[in-house]
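The values are calculated or read from the model by the stated rules, or taken from the named source; none is laboratory data. Keep in mind that what you see is a predicted model, and the values were worked out from it rather than measured. Here the Cβ positions follow ideal geometry from the backbone for every residue, glycine too, while neighbour counts run over all protein chains shown. Note: areas computed on protein heavy atoms with side chains; ligands, DNA, RNA excluded. Shrake-Rupley method; radii C 1.70, N 1.55, O 1.52, S 1.80 Å.
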Amino acid sequence: MSVLDNIKAFWSRFEDEEPALLEALKVKNYEKISEILDMLNEETNRISGAHFFVEDNFDEPEMTFDSGPNKTSQLICQQMKKLAPASVKKRWIINDTLPPLSQKAIEASLQIKDEHYSLFDMTAFYVINQKSHSFAVKVYCPGFSLIENPEYKREMCIYLVELAIGENALESYVSEIDFLDQPENGVDFCNLTELYEVIMDTVEKDKWQDYKHPLDIYTVFKPHQDFASDSLRKDMKMIFTVHPALVEETLGNKGDVQLDLQSKDGEYGYIYYNNPFDNEQDAKFRQELSRHIEALLAPLHYGKVIGGAIGKSYSYIDLILFDPAKFEQVFKQIQDQLKGKVELYYRPFTQEA
């Protein structure tokens, strides 16, 4: 089995359950809705680590794969959306990350003592950093002063902001989240349910980078290593990735992220090759090669480019593989196709250099 096989099996199961789910949504049979969603959520979590829910709306049915900030889950859920059957895409709105102000957010309730608070009862105080294109947000809830544990309040605020603005805006534009026991003077504020609109208005007005998905966000690393080294993955001068946790883990010789994907029948790995120019042209060559490989892989769904690196001796193109066995077949074709220009090799991250 592979991630790809698991996704196809999920959609087959969904199509089996879809008529009953739509009928239950139509007649507001919440017991039946819950029964079907429990099964689909369990399957989604097994495949990707994400959670699955649908909006209570028969006329415009909408489903969400709620991946949270976990990049492995986001990468798999992105493929789940892409591989949805045409009939499902035509009928349903499909979110592969948590959208802003979903029904889950609207119905969210925080109980403090004997009081219940919704997002509409909360205020977001914010400071805009034009240099870093980000918001520092503090959330005020009338009941926070009754909670003694500051870490609990801080974690709750992160969750509440995520519900209000969605995963993409959270990762793209929010640098800091904290709580307030009392309203703050001299700081801009809005109702928490209006924060997404405030952020996106700022993005548009001030011409910030408009990220459409959390996986559009790249992080750059400059490892503190001995650059005299010529060995594989030890010579890296600059790394760029959509998956910072994977890079941090590989630099630290750890394996939790890789093992997590392995448990879901996928694999993290990298294509590498000797730098052909030994000058600034290597960066341009690596970028063009990365785009070429992504263009070959994208329609097949066997894998996806998630970043790469430039080293003293080698260059690297990092991948997530949704079907390692089928990728191996395609990679042989890619090697043959590019043999005149460059000799390519592949290695899983779990295989020591």
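Out of Leu289, Leu296, one residue alone is of a type in the set (A, V, I, L, M, F, W, C), within 25 Å of Gln78 (Cβ to Cβ) and open to solvent by 50 Å² or more (accessible area, probe 1.4 Å). It is Leu296.
Determine, yes or no, whether Pro61 is open to solvent by less than 40 Å² (accessible area, probe 1.4 Å) and without any contact (Cβ under 8 Å) to a residue 40 or more places away in the chain. Yes.
Scanning the range 233-283 for residues that are farther than 26 Å from Arg46 by Cβ, open to solvent by 50 Å² or more (accessible area, probe 1.4 Å) and aliphatic (A, V, I, L, M) gives Met238, Leu251. Residues that are modelled with pLDDT of 95 or more and touching an Asp or Glu at 6+ places or on another chain (Cβ under 6 Å) number at least 1 in the following helices (runs of 4 or more DSSP H) confined to the range 253-340: 256-263, 324-337.
Out of all the residues in the range 300-309, which are touching a strand residue (DSSP E or B) at 6+ places or on another chain (Cβ under 8 Å) and open to solvent by 30 Å² or more (accessible area, probe 1.4 Å)? Break it down into steps so the answer makes sense when it comes.
Residues of the range 300-309 that are touching a strand residue (DSSP E or B) at 6+ places or on another chain (Cβ under 8 Å), as a first pass: 302-309.
Matches in the range 300-309: Tyr302, Lys304.
Open to solvent by 50 Å² or more (accessible area, probe 1.4 Å) and within 21 Å of the chain's Cα centre (by Cα) - does that describe any residue in the range 10-32? Talk me through it step by step, then tell me what you get.
Here is the first cut: in the range 10-32, the ones open to solvent by 50 Å² or more (accessible area, probe 1.4 Å) are 12-13, 15-16, 19, 23, 26-32.
Right, trim to within 21 Å of the chain's Cα centre (by Cα) and you get none.
Within the range 10-32 (the criterion being open to solvent by 50 Å² or more (accessible area, probe 1.4 Å) and within 21 Å of the chain's Cα centre (by Cα)), the answer is no, since none of the residues qualifies.
Where helices (runs of 4 or more DSSP H) fall entirely within the range 99-217, those with at least 2 residues that are among the polar types (S, T, N, Q) and surrounded by 14 or more Cβ atoms within 10 Å (Cβ to Cβ) are at 150-173.
Of all residues assigned to the range 33-54, none qualifies as being under 30 Å from Val247 (Cβ atoms), open to solvent by less than 20 Å² (accessible area, probe 1.4 Å), in contact with a Gly (Cβ under 9 Å, 6 or more places away or on another chain) and of a type outside the set (Gly, Ala, Ser).
Checking the condition under 20 Å from Thr241 (Cα atoms) and among the β-branched types (Val, Ile, Thr), which residue from Val342, Val305 passes?
On the way: Val342 fails: under 20 Å from Thr241 (Cα atoms).
Being under 20 Å from Thr241 (Cα atoms) and among the β-branched types (Val, Ile, Thr) holds for just one of Val342, Val305, which is Val305.
Being under 25 Å from Asp318 (Cβ atoms), among the hydroxyl-bearing types (Ser, Thr, Tyr) and out of contact with any Pro (no Cβ under 9 Å at 6 or more places or on another chain) holds for only one residue in Ser73, Ser34, Ser67, Ser87, and it is Ser73.
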